[in-house]
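**Q** I am attaching a structure below and will ask some questions about it afterwards.
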Amino acid sequence: MGKIKFILFVGCLFLLSKVSAQDPHFSQFFSSPLTLNPAFTGKFDGALRVMGNYRNQWPTINNAFTTATVAADFHILDKTIASNDTWGVGFVGYNDNSANGAVKFNYGSISTAYHKGLDEEGNHQIGIGFQATYANMLINTAQLKFEDQLTGAGFTGITSEVFNNATLKTNYLDLNAGFLYNGSTSDKNNFYFGLSLYHINRPKQEFTGAVYNLNPRATMSAGGYFPLSPTSLFHISGLQMFQGGASETMIGGTYQFIADPAAFKPTSVYAGAWVRIKDAIIPYLGLEYDDFRLGVSYDYNTSSLKTASLNRGGIEISLIYINRPSSDKPLNCPKF
């Protein structure tokens, strides 16, 4: 009986991965650009960008998924390449836990992207990016709980004749690539369109002889901003994602209220919302001060899963730091 439960567990695990549960999944996709599209590497206004993201998804379902990332990117060879070009290099480390920590994914990525200017000022650029990821997956069998372990005092023991407190492991190398167009017609607007493909090499996950090839994940994303008044901007963005037989559509926007438009680094407040079609409504609040932007969002679940999740899709927090010296020429780059 224990062996049957183990086989069912592994089967369910691979089924979840087929619908992209193992990929980093952020409602604030715009605050985690290097997990969205490698071509976003180096596409920011400044000398150095450091980003952190945290998401706790479906906490009422035994802490189903918790995801955290730390990333940094910067420009290289600024004095060597053309003045209207940009070359970026970036690094990402992220951790994804599911089943209340019983299943852990750990990733480390390095990416690079070259953005070629299409005009003299570099207001319009096209970029190509590439990313290599080393991934490691662990299953802590001591934390797995099954129905026949439930007693009046709670869960007790494990199915030792099957697991023997083992830790199951697998690792693989992953290759990703992306394209990005970015443009501006004035110093007050910006628009972009990107395409990315993850798991190009369809890496293998293998446990106890069972092998699963990851399905490629294709994503289209687009967005932009434009002024509404001297003290406000409106940002809009969306994405369409496909992986295996699953898909995801998101669209939304946020207002930016600027406290002092004449300042070099004005303080701004953001308020808006995104919608994940047939799944969740996601209100968003943000604060930009000096070189930092803090964002907080919450998924209000509207799908059939709301009975189990109690409408609680999960909280998400992002923090972005961009170092921009006062001598830098301002550049209009994607923000949402």
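**Q** Using the beta-carbon distance between ALA82 and THR231 and R0 = 25 Å, what value does 1/(1 + (r/R0)^6) give for FRET efficiency, to the nearest 0.05? Walk me through the numbers before you get to the answer.
**A** Working: r = 36 Å, r/R0 = 1.42.
For R0 = 25 Å, the calculated efficiency reads 0.10.
**Q** A further question on this structure: Under a straight-distance cross-link criterion of Cα-Cα below 18 Å, which aspartates and glutamates are reachable from LYS265, leaving out those fewer than 8 residues away in the same chain?
**A** Correct list for LYS265: ASP45, ASP187, GLU288, ASP290, ASP291, ASP328.
**Q** For each pair in LYS169/LYS278; LYS104/LYS278; LYS79/LYS104; LYS116/LYS169; LYS116/LYS204; LYS169/LYS335, compute the distance between the two Cα atoms and list the pairs where it is over 31 Å.
**A** Numbers: LYS169/LYS278 35 Å; LYS104/LYS278 28 Å; LYS79/LYS104 42 Å; LYS116/LYS169 41 Å; LYS116/LYS204 35 Å; LYS169/LYS335 37 Å.
Distance filter (> 31 Å) returns LYS169/LYS278; LYS79/LYS104; LYS116/LYS169; LYS116/LYS204; LYS169/LYS335.
**Q** Can you sort ASP23, ASP119, ASP299, ASP290 so the residue with the fewest Cβ neighbours within 10 Å comes first? All intermediate terms of the calculation are to be shown ahead of the outcome.
**A** Values: ASP23 19, ASP119 10, ASP299 24, ASP290 13.
Fewest to most other Cβ atoms nearby, the residues stand as ASP119, ASP290, ASP23, ASP299.
**Q** A follow-up question, please. Report the full-extension gain for the segment ILE281 to ILE110: residue separation times 0.36 nm, less the Cα-Cα distance, to one decimal in nm.
**A** Working: separation 171, 0.36 × 171 = 61.56 nm, distance 3.25 nm.
Taking 0.36 nm per residue and subtracting the Cα distance, the gain is 58.3 nm.
**Q** Taking neighbour Cβ counts within 10 Å as the exposure measure, how do PHE105, PHE40, PHE234 sort from fewest upward?
**A** Details: PHE105 19, PHE40 31, PHE234 16.
With the fewest neighbours first, PHE105, PHE40, PHE234 line up as PHE234, PHE105, PHE40.
**Q** If you take the beta carbon distance between ALA210 and TYR134 as r and set R0 to 22 Å, what does 1/(1 + (r/R0)^6) give as a FRET efficiency, to the nearest 0.05?
**A** Values: r = 21 Å, r/R0 = 0.98.
With R0 = 22 Å, the Cβ-Cβ based efficiency is 0.55.
**Q** So, R0 is 22 Å and r is the distance between the beta-carbons of ASP45 and LEU294; what FRET efficiency does that work out to, to 0.05?
**A** Details: r = 18 Å, r/R0 = 0.81.
Approximately 0.80, to the nearest 0.05.
**Q** Please give the length that would be gained between ALA218 and ALA72 if that part of the chain were fully extended, namely 0.36 nm times their separation in residues minus their C-alpha to C-alpha distance (nm, one decimal).
**A** Values: separation 146, 0.36 × 146 = 52.56 nm, distance 2.31 nm.
Between ALA218 and ALA72, full extension yields an extra 50.2 nm.
Computed from the coordinates by the stated procedures, all read-outs in this text should not be read as laboratory data. Owing to the predicted nature of the structure, the values given are computational and were not obtained by experimental measurement. Heads up, the Cβs are rebuilt from the backbone with ideal geometry, glycines too, and the neighbour counts pull from every protein chain shown.
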